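Let me begin by presenting the structure, written as structure tokens, before commenting on it.
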Amino acid sequence: MKTTTRVVVIGGGVVGCSVLYHLTKLGWSDVMLLERNELTSGSTWHAAGGFHTLNGDTNMAALQGYTIRLYKELEAITGMSCGLHHVGGVTLADNRDRMDMLVAERAKHRYMGLETEIVTPEEIAKIAPVTNTAGIIGGLYDPLDGHLDPSGTTHAYAKAARMGGATIETHCKVLETNQRPDGSWDVVTDKGTVHAEHVVNAAGLWAREVGAMAGVYFPLHPMEHQYIVTEDVPLILDMAKDGLEHPHVMDPAGESYLRQEGRGLCIGFYEQPCRPWAVDSTPWDFGHELLPDDFDKIEDSIAFAYRRFPALEKAGVKSVIHGPFTFAPDGNPLVGPVPGMRNYWSACAVMAGFSQGGGVGLMLAQWMIEGETERDTFAMDCARFGSWVTPGYTRPKVIENYQKRFSVSYPNEELPAARPLRTTPMYDIFDQMGAVWGAQYGLEVPNYFAQDDEPRYETPSFRRSNAWAATAREVQAVRQAVGINEVQNFGKYRVCGANARAWLDRIMAGRVPAPGRLSLTPMLSEKGRLIGDFTISCLAEDQFTLTASYGAQDFHMRWFQRHAEAGVRVENISDRLTGFQIAGPLARDVLAACTRCDVAALRFMDVARMTIGMVDCVVQRVSYTGDLGYEIYCDPMAQRALWQALWAAGQPMGMRPFGMRAMMSLRLDKFFGSWGREFSPDYTPAETGMDRFIAWKKPTQFIGRAAAEAERAQGPARQLVTFEVDATDADVVAYEPIWMGDQVVGFCTSGGYSHHAGKSIAYGFVPSDQLRDDLQVEIEVLGQRLPARRITTALFDADGARMRG
Ligand SMILES: Cc1cc2nc3c(=O)[nH]c(=O)nc-3n(C[C@H](O)[C@H](O)[C@H](O)COP(=O)(O)OP(=O)(O)OC[C@H]3O[C@@H](n4cnc5c(N)ncnc54)[C@H](O)[C@@H]3O)c2cc1C
């Protein structure tokens, strides 16, 4: 066995083999895979082998599309068969919400180049005759759906990797992973030790155990899953006579997926009475056996399936496959460089290995070899969960995710499991004031405040929800008097030391402010993509605080650590600094009423220390609401005292608390973008207008400078613009197509309703060569093409008089 290699991939399931292949494809041939048994000995061998592109996250859907297209390439390279059956698939809808969801998916597919189609019940009956279409109102047909041979496909990946120079060692169990001081790894196996520069954990069912060898907790959990294969079915035999294969049918109402298997059918269920498996750890002696059949837990699902697919009832059962596979709390994979670790990579929790495995392999190989991925991978980045995640959180979340696998996902939906987990000292005060809670990165955050006569629950919907009136009230309070909310849900970092300014100058593309001042700046990757939008606050020459997205804490810290330098200390203080923002025309008066400091002297973008009430605070004069506003930071231990001071001063001035729904409406008035929507690694500064914050004149070679300058010289091919949309009951959420004539020319990044202006607003990308101030387009919202006009003047405080005054 080889004893040194560049990369050791642990695990020879479909994911490990895909990672290995993609490493060779992108140019690293000195790579090795270690498998404790035979290839496919985890979840992979008993998978049903189905694949599909449908995924609520657009980037995940694109990667699923890549995976599916890859199989033909694999067959061509290796001469092996993946056992492909491109039979197409239809997802059924039996109510308006499900139909809305499918129509929204179809809309996204337009600019992704996916040829899906909305079909009627009559068409479904023809395409998928095994279906009883009673009660069905429509469906989404995807010609790319199909199934394959899981074992053949895994071996094809393995062969293609070997052809690219990779080595595969089977019957070689990894026992330990020990890091050397230089960051490389000794991978200890039962056949000896391999020294590797990088380790990839692709251990599937055993990913938790393999992670623990390096001291890492991976938030994933195995769940039991069952599918049934029937004896021959007459309808399928008839179709076969005509050379036809039955397509896949996903029936979300019945929580089932069905396809042809041989001359019979195969049906699997995501049943409600589901069961987590191997709660504390996965046994090492588990491998090629199955779990005992369990018809009790799928009894209701089977009864439903008999009604939807009557042919099933008469078909004999040929075999039952019941096995475990792993999920992360949100159902997406855990991929990428593990935060806090050097040269340790994750390719775990891939719950749909045959839809996602190719994309996971490609993204990980790009990350390892090129330093970044070609697209935004945040939806599957292992950095999206912080150190707050525990097994006690993961398990109920994974159960919830399994149960909701086929449920409608609404854009405004808040999932209830494992909550509340993290709360601030304001939790009970806000709760008594009627807070309707959302969860961000494990933290409870008020979405809005319901009045006594309003329900404490926002109805999940694709249309305007019952939060409408409350949001309007809160927006009005900010614009007409003063609003208050917490600043807990910002990511916050302290950067200090003799080298702090020089370091920030290199890490951030924008200006680093002088003491007493703030600046806004993009952070760029080497390839000039947006990986952060930060506010930098300078309290002293060697002391800075950064604020950015709360959910990106591990993502940003990982980047800071990768670029660590002597003479600068970077700390994540997100939960050590909290406070409030107050915003609105009376915000200054509120502040002045509870401090003896000179509030009037604080100019827009100034920062100063102040004692407010009894509490020492840092006050920044800036507000994401676009209004006159202050962010006031304090020690969490004193947050309630700060609240008492501000609230007491604010009451006579009409102060109201406001939540995230109002905040996201208010930002629209000033065309402010938001992280993960307008600003993400999918986009560049010039495309999004963030280039206005780049300090082109600074002499520093900041990261991404060359790429940003090249783009500046050439001009971006597309640009982000704001539209007013003629919407009546549903606003833009994200990824809706933008039409000009009969062409889709772009897509939306986000939108919503401006309660201040009484307008429906959308942000979206359009080709630069089509840009005009009076641009008119149509935006497709829930299947309707709505007229939309570009707007270039802010809806509130266009001259900045209030914000800066
Ligand atoms: C009943 C069922 C039906 C399914 N149907 C589908 C489907 O239709 N479509 C689909 O896309 N997905 C399906 N899946 C899910 C699919 O099986 C998984 O997504 C996929 O197999 C995950 O692959 P993996 O490589 O991540 O993990 P695994 O297949 O679990 O592979 C991990 C490998 O790592 C090895 N390993 C672990 N620890 C060590 C160690 N210490 N040293 C060396 N080697 C080690 C294991 O032996 C194993 O071979 C189904 C799953 C089940 C249970």
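Computed values, structure above
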| quantity | calculated |
| --- | --- |
| Local net charge near GLN488, Cβ-Cβ under 12 Å (Lys/Arg +1, Asp/Glu -1) | -1 |
| Efficiency of FRET from Cβ geometry, THR4 and GLU413, R₀ 35 Å, rounded to 0.05 | 0.10 |
| Cβ-based net charge around TRP388, under 11 Å, with every Lys or Arg adding one and every Asp or Glu removing one | -1 |
| Burial ranking of peptide ranges 269-279, 32-42 (average Cβ count within 10 Å, highest at the top) | 32-42, 269-279 |
| Neighbour-limited loop hits for GluC sites (Glu not before Pro), segment 99-175 (at most 14 other Cβ within 10 Å; DSSP other than H, G, I, E, B) | GLU115 |
| Relative contact order of the chain, pairs being alpha-carbon contacts under 8 Å that are 6 or more residues apart, as % | 12 percent |
| Spatially proximal aspartates and glutamates relative to LYS25 (Cα-Cα < 14 Å; intrachain offsets below 8 disregarded) | GLU73, GLU370 |
| Nearby lysines by direct alpha-carbon distance to LYS404 (threshold 17 angstrom, same-chain neighbours under 8 apart not counted) | LYS297 |
| Accessible area of segment 405-488 belonging to carbon and sulfur atoms, whole % at 1.4 Å probe | 49 percent |
| Cut-off under 5 Å, modelled amide H: who pairs with LYS318 long-range | VAL229, THR230, GLU231 |
| Cα gyration tensor shape for the chain, rounded if a/c is under 1.5, else prolate or oblate | prolate |
| Stretchable slack from VAL320 to GLU122, in nm (0.36 nm times residue separation minus alpha-carbon distance) | 68.1 nm |
| Chymotrypsin sites (Phe, Trp or Tyr not before Pro) within segment 566-649, DSSP loop, no more than 15 other Cβ atoms inside 10 Å | PHE604 |
| Of the trypsin sites (Lys or Arg not before Pro) in segment 749-805, those whose Cβ has at most 15 other Cβ within 10 Å and which sit in DSSP loop | ARG772 |
| The chain: angle of helix 353-370 to the longest principal axis, Cα-based, in degrees nearest 10 | 50 degrees |
| Computed [θ] at 222 nm, helices only, for the chain once each DSSP H run of length n ≥ 4 contributes -39500 (n - 2.57) | -8000 deg cm²/dmol |
| Nearest 10 degrees, 0 to 90: helix 58-78 Cα axis against the chain principal axis | 40 degrees |
| Net charge over other residues, Cβ less than 11 angstrom from the Cβ of THR688 (K, R count +1; D, E count -1) | -1 |
| Under 25 Å from the Cα of LYS759 - lysines, other chains or at least 8 residues apart | LYS108, LYS670 |
| Per-peptide average of other Cβ atoms within 10 Å, ordering 11-18, 137-144 highest first | 11-18, 137-144 |
| Contact order relative to length of segment 126-245, as percent, for alpha carbon pairs under 8 angstrom and 6 or more apart | 13 percent |
| Segment 1-130, relative contact order [Cα under 8 Å, separation at least 6], % | 15 percent |
| Among ASN332, TRP643, ALA540 the positive-end extreme of the charge dipole of the chain (Cβ point charges) | ALA540 |
| Charge dipole (debye, nearest 20) of the chain; +1 at Cβ of Lys and Arg, -1 at Cβ of Asp and Glu | 2260 debye |
| Rounded tilt (10° steps) of 391-403 against the dominant C-alpha axis of the chain | 60 degrees |
| Normalised convex hull volume, segment 193-272, alpha-carbon set, Å³ per residue | 185 Å³ |
| Segment 705-754 versus segment 289-333: alpha-carbon centroid distance in Å | 42 Å |
| Amide H within-cut-off set for VAL119, under 5 Å, with H built and near neighbours excluded | GLY139, LEU140, TYR141 |
| Segment TRP696-GLU565, extension gain: residue separation times 0.36 nm, minus the distance between their alpha carbons | 44.8 nm |
| Segment 38-157 shape via C-alpha gyration tensor axes, a/c threshold 1.5 | prolate |
| Cα gyration tensor, segment 392-477 - rounded (a/c under 1.5), prolate or oblate | oblate |
| Packing rank of 145-157, 286-298, where each peptide gets the mean count of other beta carbons within 10 Å, highest leading | 145-157, 286-298 |
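The values are calculated or read from the model by the stated rules, or taken from the named source; none is laboratory data. Small disclaimer: the values here were computed from a predicted structure and weren't measured. Quick reminder, even Gly has a Cβ in these numbers, built from the backbone with ideal geometry, and neighbours come from all protein chains shown. The protein model used for the area step is the full one, side chains on, heavy atoms only, and it has no ligands, DNA or RNA in it. Shrake-Rupley method; radii C 1.70, N 1.55, O 1.52, S 1.80 Å.
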